[in-house]
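Participant: Below you'll find the structure I mean.
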Amino acid sequence: GGGGVAAMADGEGLVSVEDEGYGKVQGGFFRKYTQGEAKRLGLVGWVQNTSHGTVQGQIQGPAARVRELQEWLRKIGSPQSRISRAEFTNEKKIEALEHKEFQILK
């Protein structure tokens, strides 16, 4: 347990969340666009294609920025991609970023 120390202003803390995108997401530069958007927002993590035709990854950074990328993934994605649904799981607060950058994993 913590010592009752007040948390930082809500939305300022770092969070980690896992995501999986369904639909026409493989090919169409989806991962490259996701990486570009994540970098623009100053987020770290990774993204990769799965064997079952989805794209999954992990996003880490300031909560407000992570929300922005989630919205982008839900609504925009890359021009050639068609996300039918994006699922976000395992969201948790973290003390420090566990990645140095946002990578595309093979």
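Participant: Name the residues in segment 68-96 that are open to solvent by 20 Å² or more (accessible area, probe 1.4 Å) and either of a type in the set (S, T, Y) or within 14 Å of K39 (Cα to Cα) (or both), would you?
Facilitator: Across segment 68-96, the qualifying residues are E68, W72, S84, T89.
Participant: Determine which single condition K32 fails, assuming it passes every other condition in (1) crowded, with 18+ Cβ neighbours inside 10 Å; (2) part of a helix (DSSP H, G or I); (3) at pLDDT below 95.
Facilitator: Of everything listed in (1) crowded, with 18+ Cβ neighbours inside 10 Å; (2) part of a helix (DSSP H, G or I); (3) at pLDDT below 95, K32 misses just condition (1).
Participant: Of the residues that sit in segment 1-29 and are over 17 Å from S78 (Cβ atoms) and at pLDDT 95 or above, which one is most open to solvent (accessible area, probe 1.4 Å)?
Facilitator: Filtering first and then ranking leaves E18.
Participant: While we're on this one: Quick one: count up the residues across segment 8-56 that are more than 15 Å from K93 (Cβ to Cβ) and either free of Cβ contacts under 8 Å to residues at least 40 places away in the same chain or among the charged types (D, E, K, R) (or both).
Facilitator: 20
Participant: Go through (1) at pLDDT 95 or above; (2) part of a helix (DSSP H, G or I); (3) surrounded by 15 or more Cβ atoms within 10 Å (Cβ to Cβ) for K39 and report which single condition fails.
Facilitator: (3)
The values are calculated or read from the model by the stated rules, or taken from the named source; none is laboratory data. Everything numeric in this text was worked out from a predicted model, so none of it was measured. Counting neighbours? That spans all protein chains shown, and the Cβs are built from the backbone with ideal geometry, glycine included. Just the protein is used for accessible areas: all its heavy atoms, side chains included, with ligands, DNA and RNA removed. Shrake-Rupley method; radii C 1.70, N 1.55, O 1.52, S 1.80 Å.
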